[in-house]
Amino acid sequence: MADITLWLPERDTVTHQALGKAAEECGELTQILARCIIQGIEGRDPKTGQPNRERLAEELADVDAAISWLFELLDLDIETHNARSDRKLTGFREWADMIKGSPAE
Ligand SMILES: [Mg+2]
């Protein structure tokens, strides 16, 4: 079996663009997450003066829209998505409680 295989781009143009847009929006979210980590949620963009908190909310909304579009377009299972998301959120909340109770806090 060859180690190299042929890869071709997604052939459906709308799906191709929706996947690309989701990746682009995830990149924008990654940028503001990094800024919030290094500068703080209450910091501001040094060039525009926009609060990090406001920009974070915008990019979360953009990613949310991109995700919703993919679910519609690809007919993904929303019930499975919601169940997994609920499990993740429960875990994140438990983790936050563990952090709050740790010696580092
Ligand atoms: Mg965006």
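Under the rule of at least 5 residues apart or a separate chain, name every residue whose amide H is placed under 5 Å from the amide H of residue 44. When sequence neighbours closer than 5 places are left aside, the close amide H contacts are 52.
What you get for the chain, charging only the Cβ of Lys and Arg (+1) and of Asp and Glu (-1), is a dipole of about 420 debye around the Cα centre. Neighbour counts of C-beta atoms inside 10 Å place 69, 7, 95 in the sequence 7, 95, 69, starting with the fewest. Taking the longest Cα principal axis of the chain as reference, the axis of helix 78-100 is set at about 30 degrees. The region of the chain that goes longest without hitting one of the trypsin sites (Lys or Arg not before Pro) in a DSSP loop, each with at most 11 other Cβ atoms within 10 Å, is 48-105. Of 102, 85, the sequence from fewest to most neighbouring Cβ atoms within 10 angstrom is 102, 85. Calculate how steeply helix 13-39 sits against the longest principal axis of the alpha-carbon atoms of the chain, using the helix alpha-carbon long axis, and give the answer as 0 to 90 degrees to the nearest 10. Relative to the chain, helix 13-39 is tipped by roughly 20 degrees. Per-residue Cβ neighbour counts within 10 Å put 30, 80 in the sequence 80, 30, beginning with the fewest.
Magnitude of the charge dipole for the range 13-74, about its Cα centre and with charges confined to Cβ atoms of Lys, Arg (+1) and Asp, Glu (-1), is about 220 debye. Summarising the overall dimensions of the chain from its C-alpha atoms, the Rg and Dmax are 18.5, 55 angstrom.
Relative to the longest principal axis of the Cα atoms of the chain, the long axis of helix 52-74 lies at roughly 30 degrees. For the chain, adding -39500 (n - 2.57) for each run of n ≥ 4 DSSP H residues and dividing by the number of residues yields -24500 deg cm²/dmol at 222 nm. Annotation for the range 70-85 versus the range 14-65: alpha-carbon center distance of 22 Å.
For Cα pairs less than 8 Å apart in space and 6+ apart in sequence, what is the mean separation divided by the residue count of the range 1-103, i.e. the relative contact order in percent? Worked out over the range 1-103, it gives 24 percent.
Laboratory data are not the source of any read-out in this text; all were calculated from the coordinates shown. Worth saying up front: this structure is predicted, and the values here are computed from it rather than measured. No Cβ is skipped: glycine too gets one built from the backbone with ideal geometry, and neighbour counts run over all protein chains shown.
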